[in-house]
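The structure under discussion appears below in the form of structure tokens.
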Amino acid sequence: MWFSTFAQRLESWQQLRHAVQSMPAREAAESINTWWFHTPWSAYHLHWDDQADWPDPWQLLSDNIYCPVARGLGILYTVTMIDHPELQDAALIDTGADNLVLISQEKYILNWDQSRVLNIDPGQYQIRHSLTQQQVKQQTR
């Protein structure tokens with residue numbers, strides 16, 4: 001069940017970030033992925049063409065609308081904000097068919113499957129758009 005108020009979502013997200021800081025990378029990635037897969041699904045909300053206007057992490061939680069791009073953005077924000085030493089090269093990518101969060105040179109693939117983040121083969125893909133962890137760090141300073 002998802003949280004009905006912004007305050008509840010914000011508190012739960014803060015608890016998630018605190019909990020995963022000291023977890024091994026795989027466990028942290030799985031926990032983050034699972035948490036964001038509990039968001040209510042929406043077919044459309046954010047679009048890559050409007051990337052300059054995407055919400056910051058707090059606005060994303062306030063809006064409470066989670067299409068695959070928004071969920072991936074939330075995952076990327078979370079990974080960026082926890083600053084886990086083993087999760088430092090995350091990127092949200094648009095493959096045309098999916099919006100994946102790739103971490104540790106694609107060792108972990110989030111926003112693909114609710115229960116798996118490791119040993120996933122998304123097949124051949126081309127990156128149409130991307131947002132990196134480093135870009136997010138620059139935007140949230």
Q: Return the single residue from Asp49, Asp94, Asp113 with maximal mean-square fluctuation; model: Gaussian network over the chain, springs between Cα atoms under 10 Å.
A: Asp49
Q. Cα centroid distance between the range 30-57 and the range 1-22, in Å?
A. 15
Q | Length-normalised contact order for the range 6-139 - Cα pairs under 8 Å, 6+ apart - percent | A | 24
Q) Based on DSSP H assignment, which helices of the chain show an axial Cα extent of at least 20 Å together with a mean Kyte-Doolittle hydropathy greater than or equal to 1.0? A) 68-82
Q | With at most 14 other Cβ atoms within 10 Å, longest stretch of the chain clear of loop chymotrypsin sites (Phe, Trp or Tyr not before Pro) (DSSP) | A | 45-124
Q: Could you work out the local net charge near Leu131, counting Lys and Arg as +1, Asp and Glu as -1, over the other residues with Cβ closer than 15 Å to its Cβ?
A: -4
Q. Which residue, chosen from Asn111, Ala25, Gly123, occupies the Cα position most advanced towards the positive end of the dipole of the range 6-139, where the dipole is computed from +1 (Lys, Arg) and -1 (Asp, Glu) charges on Cβ about the Cα centre?
A. Ala25
Q: Would you mind calculating the gained length between Tyr125 and Lys137 on full extension (0.36 nm times residue separation, minus the Cα-Cα distance), in nm to one decimal?
A: 1.7 nm
**Q.** Point-charge dipole on Cβ atoms (K/R +1, D/E -1) for the range 6-139, about Cα centre, debye to 20
**A.** 200
Q: Rank Trp2, Leu100, Tyr66 by how far each Cα sits towards the positive end of the charge dipole of the chain (+1 on Lys, Arg Cβ; -1 on Asp, Glu Cβ) and give me just the farthest.
A: Trp2
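No value in this document is a laboratory result; all are computed from the given coordinates. It should be emphasised that the depicted structure is a prediction, and the values quoted were computed from it without experimental measurement. Note: ideal-geometry Cβ built from the backbone for every residue, glycine included; neighbour counts use all protein chains shown.
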